[in-house]
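The values are calculated or read from the model by the stated rules, or taken from the named source; none is laboratory data. Computed from a predicted model, the values in this text were never measured in an experiment. Here the Cβ positions follow ideal geometry from the backbone for every residue, glycine too, while neighbour counts run over all protein chains shown.
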Amino acid sequence: MRSDVYQKVTDKIIADLEKGELTWLKPWNAGHAAGRITRPLRHNGRPYGGINVLMLWAAAVEAGYLSACWMTFRQAHELGAHVRKGEKGSMVVYAGTISRSEDDDEEEEAGEEVKQIPFLKSYTVFNTEQIEGLPEQYQLRPEPVMDPLQQIAHADQFFAATGADIRYGGSRAYYSAGSDHVQMPHFESFRSAEAHAATLAHEIVHWTKRGDRLNRDFGHRKWGDEGYAREELVAELGAAFLCADLALTPEPAADHAAYIHSWLKVLKEDKRAIFSAAAHAQRAVEHLHGLQSSPDAGEGTVA
């Protein structure tokens with residue numbers, strides 16, 4: 001790959017953090033006249049996942065796009081449309097692995113394992129606002145506004161369906177690994193029902209890390225160490241993805257500013273850290289969707 005995609009994306013996140021901004025909260029901070037914030041969508045309506053969510057959210061905010069839909073030059077052409085001359089596309093990535101061995105037969109005979117080499121491929125997509133001649137279903141139109149009571153009821157049902165032990169009391173929201181429960185301040189402590197649900201989204205992502213769920217362990221030993229920072233980054237991203245899925249506005253942790261320094265340290269030392277965090281966040285949200293009772297609730301998304 002000609003350019004270092006890992007470094008390019010990481011540099012963008014770092015630049016935002018150094019300004020005290022969280023890239024994953026920018027869509028909500030910028031407002032959205034066309035309706036609620038959603039995941040970026042492919043041309044076929046399937047949502048993007050992982051790092052591509054952050055990349056396309058950031059691109060949409062920077063350019064002021066209201067449409068959530070993106071497609072390649074070729075996909076637009078196949079729909080009888082065309083990208084306007086002079087328009088600049090946005091990068092998304094595809095991660096995969098390739099098998100490497102000197103001689104497949106010899107490797108098999110010797111009983112040696114074939115190495116799986118990870119790779120990252122980038123390609124370019126365009127927002128539908130950059131494309132002319134698209135069929136009517138791609139035309140930007142305001143989404144119906146969800147009734148706030150229905151919105152919160154839907155979120156409550158989602159969290160209840162996970163089966164997590166959610167307890168109330170005290171002044172802090174946290175996940176206790178020892179007793180495997182999510183602790184939340186009393187409902188009345190929050191400024192709104194949506195703020196309560198968004199905070200719970202963050203803690204429920206932490207809940208997914210246990211060994212019998214996703215077995216996510218970054219070696220956290222004490223508050224503020226590298227493992228702690230990495231897990232908090234996963235919870236931040238996972239909560240943003242989940243809030244988009246549940247039509248909620250994310251609620252930044254009261255002490256998120258204190259995490260920025262530790263996140264910057266991790267990202268500056270490891271250009272793949274944000275990709276890893278986004279992938280773990282994606283798996284956490286997919287796991288939570290998979291616990292829902294509806295037939296299509298567990299349908300995962302891919303990067």
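Data for the structure
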{"quantity": "Residues satisfying the stated conditions in the range 253-277, i.e. surrounded by fewer than 15 Cβ atoms within 10 Å (Cβ to Cβ) and over 21 Å from residue 216 (Cα atoms)", "calculated": "254, 255, 257, 258, 261, 268"}
{"quantity": "Restricting the range 200-225 to residues that are among the acidic types (Asp, Glu) and surrounded by fewer than 18 Cβ atoms within 10 Å (Cβ to Cβ), the residue that is modelled with the lowest pLDDT", "calculated": "225"}
{"quantity": "Residue within the range 13-30 that is out of contact with any Asp or Glu (no Cβ under 7 Å at 6 or more places or on another chain), under 30 Å from residue 251 (Cβ atoms), of a type outside the set (Ser, Thr, Tyr) and modelled with pLDDT under 80 present", "calculated": "yes"}
{"quantity": "Count of residues meeting criterion [polar (S, T, N, Q), under 22 Å from residue 134 (Cα atoms) and over 15 Å from the mean Cα position of the chain (by Cα)] in the range 7-63", "calculated": "1"}
{"quantity": "Residue tally, condition touching a residue at least 40 places away in the same chain (Cβ under 8 Å) and at positive phi, over the range 155-182", "calculated": "1"}
{"quantity": "Candidates 96, 80 - the one that is in contact with a Gly (Cβ under 7 Å, 6 or more places away or on another chain) and surrounded by fewer than 15 Cβ atoms within 10 Å (Cβ to Cβ)", "calculated": "80"}
{"quantity": "Residue 233 under 25 Å from residue 18 (Cα atoms), crowded, with 24+ Cβ neighbours inside 10 Å and in contact with a helix residue (DSSP H, G or I) (Cβ under 7 Å, 6 or more places away or on another chain)", "calculated": "yes"}
{"quantity": "Given (1) among the polar types (S, T, N, Q); (2) crowded, with 22+ Cβ neighbours inside 10 Å; (3) in a loop (DSSP other than H, G, I, E, B), number of the condition residue 282 does not satisfy", "calculated": "(3)"}
{"quantity": "Residue match in the range 226-245 (condition: farther than 19 Å from residue 291 by Cβ, modelled with pLDDT under 95 and in a loop (DSSP other than H, G, I, E, B))", "calculated": "no"}
{"quantity": "Any hit, the range 221-233, residues being out of contact with any Phe, Trp or Tyr (no Cβ under 6 Å at 6 or more places or on another chain) and either assigned by TED's automatic domain parsing to the domain that holds residue 28 or of a type in the set (S, T, N, Q) (or both)", "calculated": "no"}
{"quantity": "Unmet criterion (only one of (1) under 19 Å from residue 9 (Cβ atoms); (2) in contact with a helix residue (DSSP H, G or I) (Cβ under 7 Å, 6 or more places away or on another chain); (3) at pLDDT below 95; (4) small (Gly, Ala, Ser)) for residue 95", "calculated": "(2)"}
{"quantity": "Any pair with Cβ under 8 angstrom, 6 or more apart, that starts in the range 194-213 at a residue that is without any contact (Cβ under 8 Å) to a residue 40 or more places away in the chain and ends at one that is in a helix (DSSP H, G or I) and among the hydrophobic types (A, V, I, L, M, F, W, C)", "calculated": "196/187; 203/235; 206/235"}
{"quantity": "Any hit, the range 227-237, residues being within 23 Å of residue 266 (Cα to Cα) and without any contact (Cβ under 8 Å) to a residue 12 or more places away in the chain", "calculated": "yes"}
{"quantity": "Matching residues in the range 183-193 - criterion: being touching a residue at least 12 places away in the same chain (Cβ under 8 Å) and either more than 23 Å from residue 149 (Cβ to Cβ) or part of a helix (DSSP H, G or I) (or both)", "calculated": "183, 187, 189, 193"}
